[in-house]
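Comments concern the structure below.
The values are calculated or read from the model by the stated rules, or taken from the named source; none is laboratory data. Source: prediction; values computed, not measured. As a convention, Cβ positions derive from the backbone with ideal geometry for all residues, glycine included, and neighbour counts pool all protein chains shown.
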Amino acid sequence: MNYNIAVIPGDGIGPEIVTEAIKVLDKIGEKYNHTFNYTEILMGGVSIDKHGVPLTDEALEVAKKSDSVLLGAVGGPKWDTLPGHLRPEKGLLGIRKGLELYANIRPAVLYSELRGACPLKDEIIGDGFDMIVVRELTGGLYFGEKKSLVEDGVRKAIDTLVYDENEIKRITITAFDIARKRTKKVYSVDKANVMESSRLWRSVVHEVAKDYPDIEVVDMLVDNAAMQLVRDPKQFDVILTENMFGDILSDEASMVTGSIGMLASASLGKTKLGLYEPSHGSAPDIAGLGVANPIATILSVSMMLRYSLDLDQAADDIDNAIKKVLQNGFRTGDIMSEGMKKVGTVEMGNLIVAQL
Ligand code: IPM
Ligand code: MG
């Protein structure tokens, strides 16, 4: 088969990790006789530098016409002082919205090989954990009306948090469908004791649950969820939550698995077209040093093969190759522990390719 993949290297470590991910994809192509055609898109700081905006309409069109989009990361100190609508991050929000990717899936798994990198105590880790954060991605606070003003000489800023029932319903269905293939338990995280939007969230989740009698729903307040994630992460399986809570909790979930450098993500909508990116950022402090961990991006490629291209076997191959490399004791700096062999970005990519 022929697949058209839009590639967004982005800023910071983005180009380095995407290069490794493409090496892996090409190896899969060779092995299973598929051709991946890549079209590079500028987004983020590199697009601001070239076109004055973080994402052009033309770039978005290329993404829309592709079978899937692979993204590194965007942002960096160089663009930090630009006004909100011109920041690199706005490109990311724009492509998610433009492709209507309302469901962000972020699996956080503790690899047994990486127990040493987990910051939690042994008795909390137990035999490990395996959860998926299902984050609403195109609504809520990040997309509501924003304003900065001066009122009576006092500076004021406003962000608005809006959800309608349809937005809540569709993301709930995504979470329940995923839960059906797992332990059938969904933790719905909100702040219903304070926020109106959370109260709507909670009632819609329970309405949808009536169509899923096999799924157990546990409501959890977000502050409690943040605490439970480090107190007893094993209790979680599917975590369903709104945009900002999901942004924060998915970083936390990744950290208890050892490193954010291991956390992949898929952003999906109604069609097969998805956006695949590591959950971590552009890490400008280590950009160009060749030390970034490419595994989250390579795992994102695996998610792309599974969710958008229906190439499950190839996805399994990648997951197994990564496990093998970890078992063989190779680590990038972020997941390094005593007695292991430290490697850089390119070497990690090569080791994974060699296992395929
Ligand atoms: C993420 C990032 C983005 C987000 C930023 C860069 C806009 O933090 O993917 O989690 O908040 O969604
Ligand atoms: Mg984030």
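Quick notes on this one:
- Number of positions in the range 265-283 that are over 14 Å from the mean Cα position of the chain (by Cα) and within 15 Å of ligand 2 (Cβ to nearest atom): 1
- Every condition in (1) at pLDDT 95 or above; (2) touching a helix residue (DSSP H, G or I) at 6+ places or on another chain (Cβ under 7 Å); (3) within 12 Å of ligand 1 (Cβ to nearest atom) is met by SER254 except one, and the failing one is (1).
- THR172 under 25 Å from the mean Cα position of the chain (by Cα) and more than 23 Å from ASP232 (Cα to Cα): yes
Yes or no, residue by residue, for (1) buried (at least 20 other Cβ atoms within 10 Å of the Cβ); (2) modelled with pLDDT under 95; (3) farther than 21 Å from MET131 by Cα:
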site	(1), (2), (3)
ALA175	yes, no, no
VAL189	yes, no, no
LEU200	no, no, yes
ALA209	no, no, no
TYR212	no, no, no
ILE215	no, no, no
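- Residue selected from the range 196-218 under the condition of a type in the set (S, T, N, Q) and under 25 Å from the mean Cα position of the chain (by Cα), by the criterion nearest to ALA175 (Cα to Cα): SER198
- Candidate set: the range 328-345, residues that are closer than 12 Å to GLU113 by Cα and touching a helix residue (DSSP H, G or I) at 6+ places or on another chain (Cβ under 7 Å); chosen: the one surrounded by the most Cβ atoms within 10 Å (Cβ to Cβ): ILE335
- Selected residue (only one of ILE239, ILE260 is within 20 Å of the chain's Cα centre (by Cα), β-branched (Val, Ile, Thr) and within 12 Å of ligand 1 (Cβ to nearest atom)): ILE260
- Only a single criterion out of (1) more than 20 Å from the chain's Cα centre (by Cα); (2) within 12 Å of ligand 1 (Cβ to nearest atom) is not satisfied by ASP247, namely (1).
- Yes/no for LEU120 being under 22 Å from the mean Cα position of the chain (by Cα), in contact (Cβ under 8 Å) with a residue 24 or more places away in the chain and either under 27 Å from GLY140 (Cβ atoms) or not in a helix (DSSP H, G or I) (or both): no
- Taking the range 244-264 as the range and being surrounded by fewer than 21 Cβ atoms within 10 Å (Cβ to Cβ) and within 9 Å of ligand 2 (Cβ to nearest atom) as the test, the residues that pass are ASP247, ILE248, ASP251.
Table: residues versus (1) under 15 Å from GLY84 (Cα atoms); (2) surrounded by 10 or more Cβ atoms within 10 Å (Cβ to Cβ); (3) among the β-branched types (Val, Ile, Thr).
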residue: MET131; (1), (2), (3): no, yes, no
residue: ARG135; (1), (2), (3): no, yes, no
residue: LEU141; (1), (2), (3): yes, yes, no
residue: GLY144; (1), (2), (3): yes, yes, no
residue: SER148; (1), (2), (3): yes, yes, no
residue: VAL154; (1), (2), (3): no, no, yes
residue: ASP159; (1), (2), (3): yes, yes, no
residue: GLU165; (1), (2), (3): no, yes, no
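- Residue match in the range 91-108 (condition: of a type in the set (D, E, K, R), within 19 Å of LEU273 (Cβ to Cβ), in contact with a Phe, Trp or Tyr (Cβ under 7 Å, 6 or more places away or on another chain) and part of a loop (DSSP other than H, G, I, E, B)): no
- Considering the range 275-356, the qualifying helices (runs of 4 or more DSSP H), each wholly inside and each with 3 or more residues that are within 16 Å of ligand 1 (Cβ to nearest atom) and at pLDDT 95 or above, run over 295-307.
- Considering only residues in the range 26-85 that are of a type in the set (Val, Ile, Thr) and not in a helix (DSSP H, G or I), the one that is surrounded by the fewest Cβ atoms within 10 Å (Cβ to Cβ) turns out to be THR81.
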